[in-house]
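Here the structure is laid out as structure tokens; the discussion comes afterwards.
The values are calculated or read from the model by the stated rules, or taken from the named source; none is laboratory data. For clarity, every value in this text was computed on a predicted model and none was experimentally measured. Cβ coordinates were reconstructed from backbone atoms using ideal geometry, including for glycine residues, and neighbour counts include every protein chain displayed.
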Amino acid sequence: MENINCIVCGKNISTAYIEVSDRLSKSPELFQLVKCDCNFVYLNPRPSQANISTYYNSPEYDPHNNLKNNKLGKLYKLVQSVALRFKFRRISSFHKSGKILDVGGGNGEFAAFMALQGWKVVLQDKISKIDNLRDRENIIAVQNLEKIKKDECFNVITLWHSLEHIHNIEELYSQINRLLKPDGILLIAIPNINAPEKPFFNNKWAPFDAPRHLYHFQLNTLNELCNRYKFEIVRKFSLFQDTPYNILLSLSENTPFQFLRGMLVFCYSIIVTILRGPEHSSSLLVICRKA
Ligand SMILES: [Zn+2]
């Protein structure tokens, strides 16, 4: 385990926030989240980059696994299809075509969708499996951003729920700065620690996902982080499609009572997000430009 300073303000002044167990393991190991003086919540101490892979080895890890293998599979497919179109529309309002880099793109569902729309896609992931994807000729997979040549500059770089997994944030932003065109856009989607459903689940709130999620942003702290690396947020959106997923994974048991409770919390969350905006959504999307 390693101790780190706050990645937002750089200081080391924090207090205990909450203890969380690994939701994918039966191990009694507890992980400590701390809250910095600047309000940012993060995992500290955390497994080092060399040791984190053991926590990704669970067969449960495919982030949407739990939803694919049961009756909710069809609902999952529908939500996923709506989500892909939502992401595509957000990007199209800035750039109609070009080159896109998806950082931490997993098994490449988004990469494949963008390739089908005619984009040239580079998918970065430590373990990327693109063999089964359609339009492979428009997708290049790399394991590390450093491997991408400077003349490969991108119109769009996306981090769909990957920022919270990355150890070296300084190096990440340095690579993004190197690879994004001056008029390019950076899209960052993250779970929001201000999520309306969070108080109903306490330390069982699924997006805590310790020790895989290293950071817990809200709009203010994400804005501070982007400013630190010379990016400014130009648009922000609520990711409504993540609300049912975050709630279903937070339910402690698969019983009718828990399901009913989940439905009520879902209705409450959606209403709060509609009334109060992206700062109070389950997950948050921001679009940034170089400042
Ligand atoms: Zn801080």
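For the residues ASN220, ASN227, ASN192, the requirement of being surrounded by fewer than 17 Cβ atoms within 10 Å (Cβ to Cβ) and closer than 23 Å to ALA16 by Cα singles out ASN220. Scanning the range 8-52 for residues that are in a loop (DSSP other than H, G, I, E, B) and within 15 Å of the ligand (Cβ to nearest atom) returns VAL8, CYS9, GLY10, LYS11, ASN12, ILE13, ASP37, CYS38, ASN39, PHE40, ASN44.
Rundown of residues vs (1) farther than 27 Å from PHE31 by Cα; (2) under 17 Å from the mean Cα position of the chain (by Cα); (3) modelled with pLDDT of 95 or more; (4) among the basic types (Lys, Arg), yes/no style:
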{"site": "PHE217", "(1), (2), (3), (4)": "no, yes, yes, no"}
{"site": "ASN220", "(1), (2), (3), (4)": "no, yes, yes, no"}
{"site": "CYS226", "(1), (2), (3), (4)": "no, yes, yes, no"}
{"site": "TYR229", "(1), (2), (3), (4)": "yes, no, yes, no"}
{"site": "THR243", "(1), (2), (3), (4)": "no, yes, no, no"}
{"site": "GLU253", "(1), (2), (3), (4)": "no, no, no, no"}
{"site": "PHE257", "(1), (2), (3), (4)": "yes, no, no, no"}
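If the condition is being among the hydrophobic types (A, V, I, L, M, F, W, C) and crowded, with 20+ Cβ neighbours inside 10 Å, then the range 230-247 contributes PHE231, LEU239, ILE247.
Yes or no: LEU84 at pLDDT 90 or above, hydrophobic (A, V, I, L, M, F, W, C) and more than 16 Å from the ligand (Cβ to nearest atom)? So LEU84 passes the test. The residues on offer are SER281, SER252, and the sole one that is within 21 Å of VAL20 (Cα to Cα) and polar (S, T, N, Q) is SER252. For the range 32-46, filtering for residues that are aromatic (Phe, Trp, Tyr) and either in contact with a helix residue (DSSP H, G or I) (Cβ under 8 Å, 6 or more places away or on another chain) or closer than 9 Å to ALA16 by Cα (or both) leaves 1.
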